[in-house]
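The values are calculated or read from the model by the stated rules, or taken from the named source; none is laboratory data. Here the structure is a predicted model, which is why all the values come from computation and not from measurement. Cβ sites come from the backbone with ideal geometry, for glycine too, and all protein chains shown count toward neighbours. The protein model used for the area step is the full one, side chains on, heavy atoms only, and it has no ligands, DNA or RNA in it. Shrake-Rupley method; radii C 1.70, N 1.55, O 1.52, S 1.80 Å.
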Amino acid sequence: IFGLYPVYNTLYLSLTDMTLMTRQSNFVGLANFERLFADKTFMNAVKNTWTIWLFNFIPQIGIAMLVSIWFTSTRLKLRAVGVWRAVYFLPNLLMPAAVAALFFSLFSFYGPVNQFMVRSGLLSEAKHYLQDPTITRGLVVFIQWWMWFGQTVIIVMAGMTSISVTLYESSMVDGANSWQMFWRITAPLLKPILIYIFVTSLVGGMQMFDIPYLLTDGRGAPGGTILTNNMLMYLKFSSSKGHIGAAASVGVLVFLMTTIVALGIFYFLGDRDKK
């Protein structure tokens, strides 16, 4: 009821011209999808969503793997590992609305960043950071990375600590170095954890909405450079006509993209040797 019906209803609505102001709707087939693919705004939203997700996820998983190896290494024996894990995880506890408001205040025209840059002589005059496409997109990428990096570290560490130490001891006796132990022991045994991280991050990335929406004017400014799929879906739903059918078609395409890529992740990272 709560899982399948919304999917079915969204698919049905995407094939109609339903709006918020009409009681009845007409079946229009794939007309909503045809208009979407002909709309440059939709294609731009798809490109932005994938770009922002990839630019924050690739360094997120890479740095999380490196930090997790350091924290679980019996050779390094780093101290206060629990404290560092808590520090890394803290941003994940913050509300996205609060984080967006914080960064908006920091990088506003009269914000602390401009004050510091001008007073220190690094800038001759204050800069409109949130009107610069590159800076705005970079801020969204950084915020997404900063908020979810700690959770990724904890999950990867949990997977690494579950690997038996005897495997590493045996490989050391056989003369394996750290790099060989990582690729022959750690990486293969982390596959189930990595699949979980990849898929959950993919789903979250495709549903990106709150940070880019609240950081600017809610329309993906400047120039639509941070307009995401979910933002476009909301804009179509909240337009003057409240076009539910058009918004649902965006949701269906996002669902299909996420499903196809998730299946690809399961195929390439899964154990295909098992019958």
Fill in the blank from the handout: Out of Thr22, Thr161, Thr186, a Gaussian network model of the chain with alpha-carbon springs under 10 Å gives the largest mean-square fluctuation to Thr22
Handout entry: Mean residue ellipticity (222 nm) of the chain, computed from DSSP H runs ≥ 4 via -39,500 (n - 2.57), nearest 500
Key = -20500 deg cm²/dmol
Handout entry: Dipole magnitude of segment 1-93, debye to nearest 20 (Cβ charges: Lys/Arg +1, Asp/Glu -1, about Cα centre)
Key = 620
Exercise for the section: Would you mind computing Rg(Cα) / (2.2 N^0.38 Å) for the chain, counting N as its residues? Expected result: 1.23
Fill in the blank from the handout: Of the accessible area of the chain, computed with a 1.4 Å probe and all protein chains kept, carbon and sulfur make up a percent value of 67
Handout entry: Per-residue ³J(HN,Hα) for segment 193-203, Karplus 6.51 cos²θ - 1.76 cosθ + 1.60, θ = phi - 60°, Hz, x for Gly and Pro
Key = 5, 5, 4, 4, 5, 4, 5, 5, 5, 4, 4
Practice task
For segment 136-217, take the alpha-carbon Rg, divide it by the Kirkwood Rh, and send me Rg/Rh.
Solution key: 1.17
Problem - Cα→Cβ-extended label distance, 7 Å offset, between Arg23 and Ser108, nm - result: 4.7
Exercise for the section: For the chain, calculate the relative contact order in percent as a whole number, restricting contacts to Cα pairs under 8 Å that are 6 or more residues apart. Expected result: 31
Handout entry: Selected from Ala100, Met257, Gly150, residue furthest toward positive end of dipole (the chain; charges at beta carbon)
Key = Gly150
Problem - Ala101/Ile1 FRET efficiency (R0 30 Å; Cβ-Cβ; nearest 0.05) - result: 0.25
Exercise for the section: At 1.4 Å probe size, with every protein chain present, just tell me what the per residue accessible area of segment 1-146 comes to in Å². Expected result: 66
Completion exercise
Ordered by number, the trypsin sites (Lys or Arg not before Pro) in segment 31-87 that occupy a DSSP loop and have at most 16 other Cβ atoms within 10 Å are Arg75, Lys77, Arg79
Practice task
Quick one: compute the contact order of segment 1-135, relative version, from alpha carbon pairs under 8 angstrom and 6+ residues apart, as a percent.
Solution key: 9
Problem - Volume in Å³ per residue [convex hull over Cα atoms, computed for segment 14-125] - result: 253
Practice task
Work out, step by step, the length gained on full extension between Glu169 and Ser239: first 0.36 nm times the residue separation, then minus their alpha carbon distance; give nm to one decimal.
Solution key: 19.0 nm
Exercise for the section: Set the Förster distance to 30 Å, then compute FRET efficiency between Phe37 and Arg219 from the Cβ-Cβ distance, nearest 0.05. Expected result: 0.90
Problem - Three semi-axes of the equivalent ellipsoid, segment 124-275, Cα gyration tensor, whole Å, largest first - result: 41, 22, 11
